[in-house]
Amino acid sequence: MAAYRRKRDRSASGDAAPGDDSFLDIVANIVGILIILVMVVGVRVGSAPHDSASSALATAQSHAEAEHRLAQLVNERDAARRQLAGATATASTLARKHEDALAAAERLRAQLSAAEAEVAEPDPEIARLEVELAERRGTADSLGDELERLRKTEHPPTKLICYPTPVAREVEGGEAHFQLKGGRVAVVELDRLLAQFKSDAQTQARKLRMLSDVTSTVGPVAGFRLRYHLERFETPYDVSIVTGNRETGVRLTEWELIPVASDLGETVEEAFGPRALFAAKVAQLNPAQTVVTLWTYPDSFELFRQLRAWFYEQGFSVAARPLPDGERIAGSPSGSRSVAQ
């Protein structure tokens, strides 16, 4: 419209040259286009920084949130690791305690088993006392029955047992030896064994020219062996100076009898039988010239009392030789002689 007014004015005045209107129209159009472009660019320039700042702000916030979340995850991971380490340590401690408890339970189980076995296993001493108690009760019952029978008898018989006056004397003459063990009596042929010893000792003494002592065994005779020990001796130098005589010889230090079996001998019933070794041995003895020595172990004291009474009735003097369990019949030149009553 402005271009049209200028064109009309110029036509009215008549000053403008031909073609100026077209040029002015073009310039006006270009200016209008530039104005429009400037406005568009301005609008874009005004809006562009705002969008970039919002985007940058949003990106920064997202990055901060991501870092915060990452930090949380790292903290949670570290906490989980610490919890796992604590749980592992606790599990190890519990495992050790469990193993210790199992070991303690096993020890207690072993102790309980040993205690049960000890309780279940009878004490030999208690068993022996029970047997002895039963025997004494049986004896008491028998004596009670006998007493009752004697009370009912109008003239009960009286039996008087007389023992020799208990004056002890050492055995000087012949001596017969018997072993009482396990309720059995065994003949001990000590004289025959000593005879073999004397013969064997002459041979063994030759070895003492090179040796200081020697041990040898003879037998068996009637179920026993005799083991003896010889040693070489010399007169001490100080004694030889005084006496003027330096002797060298052989002497017996000790001997012991070794049974060939643990159940040697005969019971009381067997000992007085027709083929008994005990009865045959006693038949060879003279009560006036022989003393009977009874080597007695603790389990045969009752048998000792029975045989002692029987030997007294036969006119023998009896010497008692108690022996502890596990000890053998033995002797030495320095030992004591049997004492008879």
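The residue pairs whose first member lies in the stretch 263-281 and is in the same structural domain as V188 (by TED's automatic domain parsing), whose second member is aromatic (F, W, Y) and at pLDDT below 90, and whose beta carbons are closer than 9 Å, counting only pairs six or more residues apart or on different chains, are E266/F272; F278/F272; A279/F272. Would you check if there is a residue in the stretch 317-338 being in a helix (DSSP H, G or I), farther than 20 Å from R225 by Cβ and modelled with pLDDT of 90 or more? Within the stretch 317-338, not a single residue is in a helix (DSSP H, G or I), farther than 20 Å from R225 by Cβ and modelled with pLDDT of 90 or more.
The values are calculated or read from the model by the stated rules, or taken from the named source; none is laboratory data. Just so we're clear, the structure is a prediction, and the values are computed from it rather than from any experiment. Cβ atoms come from the backbone with ideal geometry, glycine included; neighbour counts cover every protein chain shown.
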